[in-house]
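*Asks:* Handing you a structure now.
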Amino acid sequence: MKKTLRAFALVLVLLAPAAATQTAESPLLLVRDGRPAAIILTPSNREWGKHKALILSERQAAACLQGHLLQISGARLDVVDERTSGARVLEGRIAAPNLNERVENFILVGGGMLAEALGVTGEDLGPGGMRIKTVGNALVLMGHPEISHPVSDGGGVRAAVRAFLESLGCRYLWPGESGKVIPSMSTVTVKPTDIAYTPPIGQRRIRHTTIRSRRVRTGLSRLGISEETYGRLLSDANRTRVDALVEPGRYVRTADLSWLTWHGIGGDIGIGGGHAFGDAWERWGKDHPDWFALQPDGTRDQSAAGNRERLCVSNLGLQDAIAQDILSQASKRPEKRCFSICPNDGGYANFCLCDACRALDPEDAPKIQMLIFEKVGQSRRKAVDYVSLTDRYVYFWNQIAKRVTRDRPDLLLLIQAYSVYQHAPVRRRLHSSLVLRYVPSDATEWKGWQDAGARMVYWRPNILIRGRRRGDVLIYAASMADTFHHLFRNGMVATDMDSVMDNWAGQGLNYYVAARLNWDPALTYDAILDDFCNAGFGKAAPHVRRYFVAAEKAWTEQLQKHPRAPYFAEAVAGLRSHMQAAFEAAGGDRAVLRRLAFLNLGLNYTDLHSTIGRIAEAVESGKPYDKGRVRRLLDLNYLTLRDIALNHTLAVNTPCLMWGTGDFARWQKIGGRGYRARDELLRRVNEEKLSLTGLEKSLDEMLAVFRLTE
């Protein structure tokens, strides 16, 4: 009997009746007393030219399985090609006379000839889907046999390997070795099981910050760290032991799946795109200045907009030109079905103020505040009360859609709910070809857009970058999960979440919850949180759970009262009490202590920044301060940021923070803006190799590490 799970369980307990259909068959033995009892077989019915991406995915999955099983049990299972093995199916079991006679069982990674002969198929799986099935003396781990997007989705075979490893107790809490949870067992068995699962969200995307960004480069320069050095440190920080353990000589990109790949991020249903008109002035400005937004000074010149130009959306000639441009692109790229017509983002230019555009704005639309810039490309501005611009943009999008679909009714056009057009329209309905990219981080406007005719809606929130200018302990995972569940229940077809910012010590739980929900939106937040804590922190799990719950509560309550430094002393003290209890409960468990120290780096950093922030605000209100202590704290801040970048690279993205704070411009009153530790202090730190451990329990202990005490 086959059991297909519509909602994939967080923990695939393949060894328990709850997760698999039990039969009279005996458990399948993979490792016995630290010795191999099985061989891993990969498909041979592949052509390199035709199936290169699939071959690489299967090889990567097999190497990943081999490396993890070696870590778990001490047994290295051989990885062999089906054809090389000489294996064949006889009476429902695999026989391989060419292989070691002591090997009893087989793990088939991918849908090869042997899986087909055993009657195991992935034909009923959707994109990214996976099957885990025991049959005879084989465990089959496979995905759908045909994959349209193999690079991002891996055909499901990697998901099957990951799910099987998680059933044994493996977890990947955050990137790098400390975030990898590997159980220890000398004997590995699998009870009879048949699980098939296709992720219900076919396009699952979480963006990731990159070292190549201008912002990170700016921060590195301020910290005195080269891009080359930081790039190497990031690479080392993300690496785990699996790659070093796999069988040498097999061509795979990597055996160690990246954190995002491990969690099943990927897939593609053919919708996507970004801001569409960044080159509009360059293309059309000279001949058609009337296509651009009328500015307060009476001009339409957007030459200083810096690829952030605004358009006169009521202009019929502009609508025709955009439609023809899309049709031309579509003829050159027949595989592409979705084209973006999303407005440009940000910049120093105004939305069109001409009478024709303003006439498209209903008086009863939701009220907003809109920035009015005196000159294009200059930041001098004022905020004015106006109405939502959504209806004017729906008019614009509909006009383009009508023109495009007259010739190509199969095409889709991407629009977005964002900025001054994030509210749902009040008068107009959306053309059926429009795909909505919904940017708000809450569900407030979702139903309104659907009521207005949005039939394909995907969530593109900026929610994960909330902490990029802070980097501290900022937990909002429970509220994010509530929104995710609501949107999924109400028609969400895809995600594109911005962005993992590598603030893992203080915000990693948010990233983890986002990844788990993308793969299985039926999971509850409590189940994810419990699994995260139990898997990673052993006896300390209850205290770590209380820590995260308290952190979210403190942030939610106090952000409204104290937005520039939301953690009051009592909030930090409460979090410290939970962390200390976790350290005590961990006892001598080195892996748990290492993970706690990692989290504690984020808490110590939060304490430091909230302390300096409170002093700066007090000084702004005219209160006196201890200049000597402030200087020591500013020294500690710079040394901490630099130390984290160099020695605890994934704990806090300190280069991005240096950019995001404007080099701590908000601390200008106490001399904090652009503050740098003295050269002699930096030399001493480098010479004596002074570095934080994550075990420090107070700012005084952190000061002592760098010998900054009075």
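Read-outs throughout are calculated quantities, based only on the coordinates presented, and are distinct from any laboratory measurement. Keep in mind the model is a prediction, meaning the values are calculated, not measured. Reconstructed Cβ throughout: ideal geometry from the backbone, glycine too, with neighbour counts over all protein chains shown.
*Asks:* If each Cα of the range 195-331 is one equal point scatterer, what is log10 of I(q)/I(0) from the Debye formula at q = 0.11, 0.13 Å⁻¹?
*Replies:* The Cα Debye sum returns log10 ratios of -0.79, -0.92.
*Asks:* Continuing with this model, one more query. Once amide H atoms are built 1.01 Å from N in the peptide plane, which residues 5 or more positions from residue 39, or in another chain, come under 5 Å H to H?
*Replies:* Result for residue 39 returns 105, 106, 107.
*Asks:* If you line up the Cα atoms of the range 340-465 on their principal axes, what length do they span on each, largest first, in Å?
*Replies:* 44, 35, 28
*Asks:* If you average the alpha carbon positions of the range 476-539 and of the range 21-92, how far apart do those two centres end up, in angstrom?
*Replies:* 31
*Asks:* In whole Hz, with x marking every Gly and Pro, tabulate ³J(HN,Hα) for the range 28-33 from phi via Karplus 6.51 cos²θ - 1.76 cosθ + 1.60, θ = phi - 60°.
*Replies:* Coupling constants for the range 28-33: 8, 8, 9, 9, 10, 6 Hz.
*Asks:* On to the next question. Taking R0 as 45 Å, what FRET efficiency do you get between residue 381 and residue 569 from their Cβ-Cβ distance, rounded to the nearest 0.05?
*Replies:* The formula returns an efficiency of 0.75 here.
*Asks:* Give me the net charge for the shell around residue 172: Cβ to Cβ below 14 angstrom, other residues only, Lys and Arg +1, Asp and Glu -1.
*Replies:* Its environment carries a net charge of +4.
*Asks:* Here is a follow-up. Under the √(5λ) rule applied to the eigenvalues of the Cα gyration tensor, what semi-axes describe the equivalent ellipsoid of the range 387-541? Give them in Å, descending.
*Replies:* Taking √(5λ) for each Cα gyration eigenvalue gives 35, 16, 13 Å.
*Asks:* Which of the peptides 577-584, 630-637 is most tightly packed, and how do the rest follow, going by the mean number of other Cβ atoms within 10 Å of each residue?
*Replies:* Order by mean packing, descending: 630-637, 577-584.
*Asks:* Please report, in Å, the Rg and the Dmax of the range 585-668, where both are computed over Cα atoms only.
*Replies:* Calculated on Cα positions, Rg and Dmax stand at 15.3, 49 Å.
*Asks:* Using +1 on the beta carbon of Lys and Arg, -1 on that of Asp and Glu, and nothing else charged, what's the dipole of the chain about the Cα centre, debye to 20?
*Replies:* Dipole magnitude for the chain comes out near 780 debye.
*Asks:* Counting DSSP beta bridges in the chain, what percent are antiparallel, to the nearest 5?
*Replies:* 50
*Asks:* Once every DSSP H run of n ≥ 4 in the chain is given -39500 (n - 2.57) and the sum is divided by its residues, what mean residue ellipticity at 222 nm do you get, rounded to the nearest 500 deg cm²/dmol?
*Replies:* -12500 deg cm²/dmol
*Asks:* Can you tell me how the chain classifies by the Cα gyration tensor, rounded, prolate or oblate, using a/c under 1.5 as the rounded cut?
*Replies:* Oblate.
*Asks:* With a Cα-only, solvent-free Debye model of the range 108-207, what are the log10 I(q)/I(0) values at q = 0.12, 0.17, 0.21, 0.24 Å⁻¹?
*Replies:* -0.43, -0.82, -1.11, -1.26
*Asks:* Which far-off residues, 5 or more places away or on another chain, put their amide H under 5 Å from the one on residue 140, with H placed in the peptide plane?
*Replies:* 108, 133, 134, 135
*Asks:* On to the next question. Compute the Cα gyration tensor for the range 651-710, then decide on rounded, prolate or oblate, letting a ≥ b ≥ c be the square roots of its eigenvalues: rounded whenever a/c is under 1.5, prolate when a/b is larger than b/c in the other cases, and oblate in all that remain.
*Replies:* Note, shape of the range 651-710 comes out prolate.
*Asks:* Between rounded, prolate and oblate, where does the range 168-239 land on the alpha carbon gyration tensor, with a ≥ b ≥ c its root eigenvalues, rounded for a/c under 1.5, else prolate if a/b exceeds b/c?
*Replies:* It is oblate, given that a/c is not under 1.5 and a/b is not larger than b/c.
*Asks:* Could I ask something else about it? Return the sequence-ordered ³J(HN,Hα) values of the range 85-91 in whole Hz as given by the Karplus equation 6.51 cos²θ - 1.76 cosθ + 1.60 applied to θ = phi - 60°, using x for Gly and Pro.
*Replies:* Values, residue by residue: 5, x, 6, 8, 9, 10, 6 Hz.
*Asks:* Relative contact order (percent) for the chain, with alpha-carbon contacts under 8 angstrom and 6 or more residues of separation?
*Replies:* 12
*Asks:* Do the alpha carbons of any pairs in 553/689; 332/402; 50/191 sit beyond 27 Å of each other, and which pairs?
*Replies:* 553/689; 50/191
*Asks:* Can you tell me the FRET efficiency between residue 228 and residue 590 if r is taken as the Cβ-Cβ distance and R0 is 25 Å, rounded to the nearest 0.05?
*Replies:* With R0 = 25 Å, the Cβ-Cβ based efficiency is 0.20.
*Asks:* Scan the chain and note any complete DSSP helix (H) whose C-alpha atoms cover at least 24 Å along its axis and whose Kyte-Doolittle average is -0.5 or more.
*Replies:* Qualifying helices: 48-73, 316-332, 569-586, 590-620, 627-647.
*Asks:* So who's got an amide H within less than 5 Å of the one on residue 203, skipping anything under 5 residues away but keeping other chains? H placed 1.01 Å off N, in plane.
*Replies:* Excluding prolines and chain starts, which carry no amide H, the hits are 495.
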